[in-house]
Amino acid sequence: MTRILVLGANGQLARNTVPVLLRHEQVALTLYLRRAARLANPDPARVRIVEGDVLDRAALEAAMQGQDVVYANLAGDMAAQARNIIAAMQAVGLKRLIFVSSMGIYGEVPGERYRGVLDPYRDSAALIEASDLDYTILRPGWFTRDTRVSYQITQKAEPFRGHDVSLASLSDLIVKLALTPGLEVRRSLGVSAA
């Protein structure tokens, strides 16, 4: 059984990814969000819903106990959230982190200037990259509702290709990363439609 903690479980991408994860019988999920009443439990035998804030270190550490993977898609004070995630993972001995950021954090999108709105994403990615975690940072383009799974990946030092990416594609990639030990570890991946 692979136990995955989903931080920001009520986010658009997480809500799309949870059913894809649950297609795999060897997956058990802990859905972590600030207001648990917003989610219905899709599979009480394999899903636990926990109300908590990522900035609450004690609650976060408690939720991380016994987990194999942390998958985070967050908004807000992302640097503070990243610091807390890193510290909590280190405290409980958890290594694997999949962290959703944004395209453009390295100024890698051709024809686009870096904008200050990306600072929280850039700052959180820098903290994660400086950690000893087995992280994969995802830098997706704008989300679309296209149901096809078709995407391309660029590495950190490469120019971002394309612009948009489907939720279905991102969910597919997140599931592969969560269920394939060692895949794209300590990498920052740009993700766009193929």
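All of the numbers you see were taken from the coordinates with simple rules; none came from a lab. Note that the structure is predicted; figures quoted are calculated from it, not measured. When we count neighbours, we look across all protein chains shown, and the Cβ atoms used for this are built from the backbone with ideal geometry, even at glycine.
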Task: Label corresponding to Cα Rg over 2.2 N^0.38 Å when calculated from the structure given, among (1) 0.96; (2) 1.14; (3) 1.02 - done: (1)
Task: Added length on full extension, which subtracts the Cα-Cα distance from 0.36 nm per residue, Ala194 to Thr2 - done: 66.2 nm
Task: Estimated vicinal HN-Hα couplings, Hz - the stretch 135-147 in sequence order (Karplus 6.51, -1.76, 1.60; Gly, Pro = x) - done: 8, 9, 9, 9, 10, x, x, 5, 6, 10, 9, 3, 8
Task: Highest-fluctuation residue, Thr17, Thr147, Thr30 considered, GNM on the chain with Cα pairs under 10 Å - done: Thr147
- [ ] Scan around Val50 for amide H atoms under 5 Å from its own, H built in the peptide plane at 1.01 Å from N, and keep only partners 5 or more places away or cross-chain.
- [x] Leu31, Tyr32, Leu33
- [ ] Considering the options Pro44, Gln152, Gly11, tell which one lies farthest towards the positive end of the dipole of the stretch 2-193, charges being +1 on Lys and Arg and -1 on Asp and Glu at the Cβ, about the Cα centre.
- [x] Pro44
Task: Largest-first principal axis extents, alpha carbons of the stretch 25-77, Å - done: 34, 24, 18
Open item on the list: Under 10 Å, Cα contacts only: if you run a Gaussian network model on the chain, which one of Gly93, Gly111, Gly76 comes out with the highest mean-square fluctuation?
Closed with: Gly111
TODO: Note down the magnitude of the dipole of the chain about its Cα centre, charges +1 on Lys and Arg C-beta and -1 on Asp and Glu C-beta and zero elsewhere, to the nearest 20 debye.
DONE: 260
Open item on the list: Please report the net charge: other residues with Cβ closer than 12 Å to the Cβ of Ser124, K and R +1, D and E -1.
Closed with: -1
